[in-house]
1. Compute the distance in nm between two label points, each set 7 Å from the Cα along the Cα-to-Cβ direction, one at D441 and one at R17.
2. Which value, in nm² and rounded to one decimal, describes the direction-averaged projected area of the C-alpha convex hull of the stretch 158-199?
3. Within 10 Å of each residue's Cβ, count the other Cβ atoms and sort E209, E170 from fewest upward.
4. For the chain, what is the mean residue ellipticity at 222 nm derived from helices alone (per DSSP H run of n ≥ 4: -39500 (n - 2.57); sum divided by total residues; nearest 500 deg cm²/dmol)?
5. Could I get the Rg over Rh figure for the chain? Both from C-alpha atoms, Rh via Kirkwood, rounded to two places.
6. Any chance you could check the Cα centroid distance between the stretch 198-221 and the stretch 88-118 for me, in angstrom?
7. List the lysines whose alpha-carbon lies under 23 Å from that of K190, not counting same-chain residues fewer than 8 positions away?
8. Along the positive direction of the dipole of the chain (beta-carbon charges: Lys, Arg +1; Asp, Glu -1; about the Cα centre), which of S29, W145, H316 reaches farthest?
Amino acid sequence: MSCTPANKQRKPVSIRRNVLYLSLPVLLSSLFQRLVSIVDVFLTGGLGASAIAATGLGQLLMVTTMTLFWGLSTGVTVAISHLWGAGRKEDAARTGYVACLVGLVMTVICSLAGSHWGGDIARLMGAEANVQELAAEYIRLVFLWMIWTTGLNLLSAIMHGTGDTRTPMEAIILVNILHVLIAWPLIYGKLGMPALGVKGAAIAINSSEFVGFAYLLIQALRKKYIVFSSPDFGLFDKIWKVGWPVALERVAQQSGQLFYSSFIIAYGTTAYAAHQIGLSIESLSFMPGAGMGIAAATLMGQSLGGRKIRRARISHNEALRLAVVLMTVMALIFFFFPHLLIGLFSSDPDVIEKGSMFLKLVAFAQVPLAISFVYAGSLRGTGDTFYVFIVTLLAMWGIRVAISWVASSWLHLSLYAVWGVFLIDWYFRGAAFAWRYHKRDLHGIVL
């Protein structure tokens with residue numbers, strides 16, 4: 001009897017350590033994955049605002065397309081975490097293999113469509129002629145070889161479901177090192193390389209992600225996270241059940257982001273360049289929340305698979321606490337040092353002024369972002385992905401897009417007013433996700 005209180009004290013500490021063990025590699029992986037895009041924006045910054053805008057448009061279109069694969073990846077992570085927690089590791093490996101086959105088919109379709117029509121999107125979004133020309137080549141190349149991007153994403157998701165977040169981190173660090181070594185000489189014609197500009201940035205991404213994908217595939221086969229067998233597409237039901245609402249959620253989020261960006265472009269190339277730099281910097285603050293969110297989803301799935309309800313609750317609370325602390329620190333940095341951060345990417349005074357105001361607004365979104373990431377992650381771990389989709393749809397289209405459209409097109413308010421709308425969006429999401437989570441009965445959940 002005397003050891004019971006000590007056990008209760010040690011359990012949260014053990015779970016906190018487990019949350020950190022899972023989330024820190026994810027945090028670093030997300031950081032380094034995002035750095036690939038940030039480095040492209042940083043390096044092309046020396047070519048002018050048009051190059052920054054073109055690179056940003058290309059990245060936005062790729063992210064929008066990847067929404068389909070994020071749905072698949074989330075379904076894979078949740079399904080495998082439940083199977084892994086229940087001790088059904090062979091079924092988990094077969095599930096991962098089926099997911100890879102489905103992902104391959106999806107990639108071929110998206111790659112052909114994006115490389116052929118992607119350049120037209122820049123024109124439809126209203127980009128200026130010089131931006132359209134630069135964006136078209138960048139988009140064509142990154143879509144032509146997007147199999148390395150989707151492969152990295154899917155294999156990482158499979159490993160996250162097993163609780164192995166370290167191996168994906170190693171792969172993305174390798175990608176970043178190679179990317180920097182290749183991108184700089186190809187963009188500016190250094191070390192005997194041709195000066196390819198924005199095109200060189202795309203080639204660098206393709207080359208480095210190929211190496212990262214190959215590393216993950218070798219590790220997945222070696223550790224038997226996936227096994228070659230006769231495809232059992234019945235296993236895909238679990239992935240589909242969780243994944244399709246996530247795919248729709250990401251489509252709603254990214255398509256809304258496209259419309260939202262079109263409102264920003266209307267304020268001019270300089271405004272959009274500032275917006276893109278601000279997004280690149282802001283994305284760094286997503287890393288703690290995203291890492292804790294994935295950790296929450298994995299631990300929730302594994303705990304529910306093993307019917308450990310108390311552990312699931314404690315894991316969520318620890319992830320939430322850590323995310324709020326870390327993202328509060330990011331908020332303080334964004335609010336007090338925005339000029340220094342924007343100045344790293346551009347020396348244009350107008351870009352720095354606009355981008356600094358963007359980051360100050362972003363500072364006030366950090367805590368609701370942390371809440372949204374972790375609560376949404378825990379809800380996904382329970383399989384409640386349809387609710388997350390509905391909230392995202394309402395927040396993005398009913399709040400951000402609709403209000404921004406009225407503010408920019410009807411009321412002709414300032415750029416800063418349009419930027420400020422995203423604060424309403426994220427506060428709404430944080431409240432809606434938290435409410436749903438506390439209403440869930442974890443005892444009755446079976447995936």
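All of the numbers you see were taken from the coordinates with simple rules; none came from a lab. Quick caveat: nothing in here was measured; it's all calculated off a predicted structure. When we count neighbours, we look across all protein chains shown, and the Cβ atoms used for this are built from the backbone with ideal geometry, even at glycine.
1. 3.6 nm
2. On the way: hull surface 14.4 nm².
Taking the Cα atoms of the stretch 158-199, their convex hull projects to 3.6 nm² on average.
3. Working: E209 28, E170 16.
The order, fewest Cβ neighbours first, is E170, E209.
4. Numbers: 17 runs with 363 residues, N = 447.
Using -39500 (n - 2.57) per qualifying helix, the result is -28000 deg cm²/dmol.
5. Working: Rg = 21.5 Å, Rh = 22.2 Å.
Over the Cα atoms of the chain, Rg/Rh equals 0.97.
6. 16 Å
7. Here the lysines satisfying the reach criterion relative to K190 are K199.
8. H316
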